[in-house]
Structures are given as C-alpha cells and as structure tokens.
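Working notes, beginning with the structure itself.
The values are calculated or read from the model by the stated rules, or taken from the named source; none is laboratory data. These numbers were taken from a predicted model, which means no experiment stands behind them. Heads up, the Cβs are rebuilt from the backbone with ideal geometry, glycines too, and the neighbour counts pull from every protein chain shown.
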Amino acid sequence: MRSRAFTPGNDLAEDGLRFAEVDRDRWRDLAKLFESPGGPKFCWCMAWRPMRHRAGPAGGRRHRAALQRRVRAGVPIGLLAYQDDQPVAWCSVAPRSTFRHLGGEDDLDGNVWSVVCFYVPRRMRRKGLMRRLLAAAIDTARRHGASVLEAYPVDPDSPSFRFMGYVTVFRAAGFRSVGRAGMRRHVMRLELG
C-alpha cells in the first residue's frame, strides 16, 4: 500500500505540490530524483548517516544501497515533494538517533528528530520550496510524535553546507538558535510538544 501524500498547511497547496514520506513504494521516485541531472547521486544523503564499513571506497552505488536498506527496514529517511505526480524535491527528516552526531548537546529527552538536508533542482529554486519542504518536515516529525525538531543550517553567505538549509528560513519557521556545530553550522531547535 502506497503511503498517503499530504499537503501541510493551507498555504502550501499552491502549485499542486504534495509531500510524502519515502517508503518502499516511493523508493523509485527518490531514485529518479537523485539520479536526475544535478541530483545527489554520489552521496545519496548518507553523509550524516552511520554506515557499516565506512572505510573503503565511497561512492554512489554503496551509498544508494545503504539508504535503500534503511527504507526496506522501515526506517524513516525523509520526504519527497511532488508536482503533477512527479518527484521534484527532497528533504531529509528522520529521528536524530538515525544520524551520526551532528553537533549541539545531547541534552534532550524524548523523541527528537533532525532535518539535515534539502535537494531542490535548479529549475525549482527561488520559488520558496525550501520553506515548504521545511513545513512538511515539521508536520512529519509532529505526526511521528517528535517533541523537538533539530536542524543545522548555515548563514546565507556560507560557502559550504548550503544543502542543510539557511538560518533565516528556520528562524522564520519558529526555530531558535541553541549553539554552533563547527565554524559554519548553527544548531537550531523547534519545540513540537
């Protein structure tokens, strides 16, 4: 059975965008998006996820297989945005325990989720899609009973880690800064419970 798509908030129904969690039935859609021109076909959004046998050659096939194993096991990995039934963007949102240490303090109890990555193809950029993906990620974490959603965005002029989102987008969504992770990444949290 295909997972139910949803549209978070009334204002996000514009342009016919829908959002759905990636599960076994949506794996092909994720692969189609990631393998498209400019897609993250090398990392497969595994940079912050633990992998068995990290030593050895990295590469797209190995990362793809590792992410697909998670999906087959029913581990949440993130969301796809759909337009006209085609996958058009990605947001990695999942329980924080499914990621390597991302920074910040481990001072939180309860069901903590993290949003760590966005992929918006060039043709879809500058249309507010990151904001809409973030709203869908907040809804997803909330539906899974998360008490806190944590993020690790950068300032808009950062030369790296832009795939993690921008502080301004998270601040506008109600996240508050709680520290830094390295030189560029901020640690931000949104209380959900």
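When the residues of the stretch 13-49 are filtered to those that are modelled with pLDDT of 90 or more and of a type in the set (Gly, Ala, Ser), the one that is surrounded by the fewest Cβ atoms within 10 Å (Cβ to Cβ) is Ser36. Consider the stretch 147-159 and keep the residues that are over 14 Å from the mean Cα position of the chain (by Cα) and part of a strand (DSSP E or B). The one that is modelled with the highest pLDDT is Val148. Scanning the stretch 84-100 finds no residues that are in contact with a His (Cβ under 9 Å, 6 or more places away or on another chain), part of a loop (DSSP other than H, G, I, E, B) and not hydrophobic (A, V, I, L, M, F, W, C). Within the stretch 105-115, identify whether any single residue is touching a residue at least 40 places away in the same chain (Cβ under 8 Å), under 12 Å from Leu17 (Cα atoms) and in a strand (DSSP E or B), and answer yes or no. Checked against the condition, which is being touching a residue at least 40 places away in the same chain (Cβ under 8 Å), under 12 Å from Leu17 (Cα atoms) and in a strand (DSSP E or B), the stretch 105-115 yields no hits at all. Can you name the residue in the stretch 160-193 that is outside any helix (DSSP H, G or I), free of Cβ contacts under 8 Å to residues at least 24 places away in the same chain and out of contact with any Leu (no Cβ under 9 Å at 6 or more places or on another chain) and is also farthest from Phe19 (Cα to Cα) among such residues? Step by step, filter the stretch 160-193, then rank; the result is Met183. The conditions of being of a type outside the set (Gly, Ala, Ser), in a helix (DSSP H, G or I), closer than 21 Å to Gly182 by Cβ and touching a residue at least 40 places away in the same chain (Cβ under 8 Å) are not met by Phe118.
If the condition is being within 20 Å of Arg96 (Cβ to Cβ), at pLDDT below 95 and out of contact with any Lys or Arg (no Cβ under 9 Å at 6 or more places or on another chain), then the stretch 171-183 contributes Gly179, Arg180, Ala181, Gly182. Cβ-Cβ distances below 9 Å connect the following pairs, each with a first residue in the stretch 69-90 that is surrounded by fewer than 16 Cβ atoms within 10 Å (Cβ to Cβ), a second residue that is assigned to a loop (DSSP other than H, G, I, E, B), and a separation of six or more residues or different chains: Arg69/Val75; Gly74/Asp23; Gln83/Leu17.
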